[in-house]
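Asks: So that we are looking at the same thing, I have put the structure below in structure tokens.
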Amino acid sequence: MEGVGVRCTGALISSDFVLTAAHCVYVVNVESKQKFQVKNSQDEKTLYRLREPSEIIVKLVPETQGVIEENHTVSKVIPHPKYPRNSSFVAGMYDIALLQLEKKLTCGPLYPVPICVHHPDMEEANGTIFIAGFGRQNESQIEKPTLREGAVTATSDKGRCGIKDLTFTMCVLGLESNQTVCTGDSGSSAFKKFGNSWYSVGVSSGRRSKLCSPLEPSYFTRTAAHFKWIQEHVKNLPLPHDKASEQ
């Protein structure tokens, strides 16, 4: 997913909706920032504005090598209404957004099928979690549009995570070298397999350190904690593979 001056990652969760991070769909409002610096009287929220749909391009990357990626335009940008657009932002706290595509996709063998969304009635996403994104391998690397995958482990150690409340935030640590999120991975999904289906269990929100180190905690917005909000907007969420086969 690309916008003016930013590259993020997202996950296809239906034929016309992409799940990503809310901080990916906001941009600094330069005019308001200048006024704020001069008068120091405006609400800090006005320093950020929601990106227009025309400012965002969704690049659908094929699973088959050698097939050209497709660019898709966006008709609607939907951030979570409780996402704080100011300095009070806490990684993982309501940092979730939806992008509605102008055209519904026809999924086939060349392109990925939508991923299921983890919901609160399921068992909690603990242990090994898988991540995938188009970000850098380290903080000094130039970004390349290459999909990389890795494994991390979810932890509930609040002291290690540096976060008091993990209700909305999933804290993860890398298992091996370079297996962590880095610049460009914002908005990507952490996923885990339940039964025969893969589920998005979190949306990449940020890191505790500027360094892309697997030893440092990374934060994901829990999808189960926001499932009802997602369901309000996305009416055609995919069924798990085992459920779909029963119909």
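Asks: Pull up the range 182-194, narrow it to residues that are over 11 Å from the mean Cα position of the chain (by Cα) and in a loop (DSSP other than H, G, I, E, B), then point me to the one that is modelled with the lowest pLDDT.
Replies: Per the stated criteria, the residue is THR183.
Asks: Quick one: would you say VAL67 is under 17 Å from LEU19 (Cα atoms) and at pLDDT below 95?
Replies: no
Asks: Does THR46 satisfy the condition of being of a type in the set (Ser, Thr, Tyr), touching a helix residue (DSSP H, G or I) at 6+ places or on another chain (Cβ under 9 Å) and modelled with pLDDT of 90 or more?
Replies: no
Condition check ((1) within 14 Å of the chain's Cα centre (by Cα); (2) modelled with pLDDT under 90; (3) under 26 Å from GLN231 (Cβ atoms)) across all residues:
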| site | (1), (2), (3) |
| --- | --- |
| ALA11 | yes, no, yes |
| GLU55 | no, no, no |
| GLU63 | no, yes, no |
| VAL74 | no, no, yes |
| GLN100 | no, no, yes |
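Asks: What is the one condition in (1) touching a strand residue (DSSP E or B) at 6+ places or on another chain (Cβ under 6 Å); (2) at pLDDT below 75; (3) not aliphatic (A, V, I, L, M) that ASN86 does not satisfy?
Replies: Failing condition for ASN86: (1).
The values are calculated or read from the model by the stated rules, or taken from the named source; none is laboratory data. From a predicted model like this one, the values you see are computed outputs, not experimental measurements. Here Cβ is always computed from backbone atoms with ideal geometry, including for glycine, and neighbour counts include all displayed protein chains.
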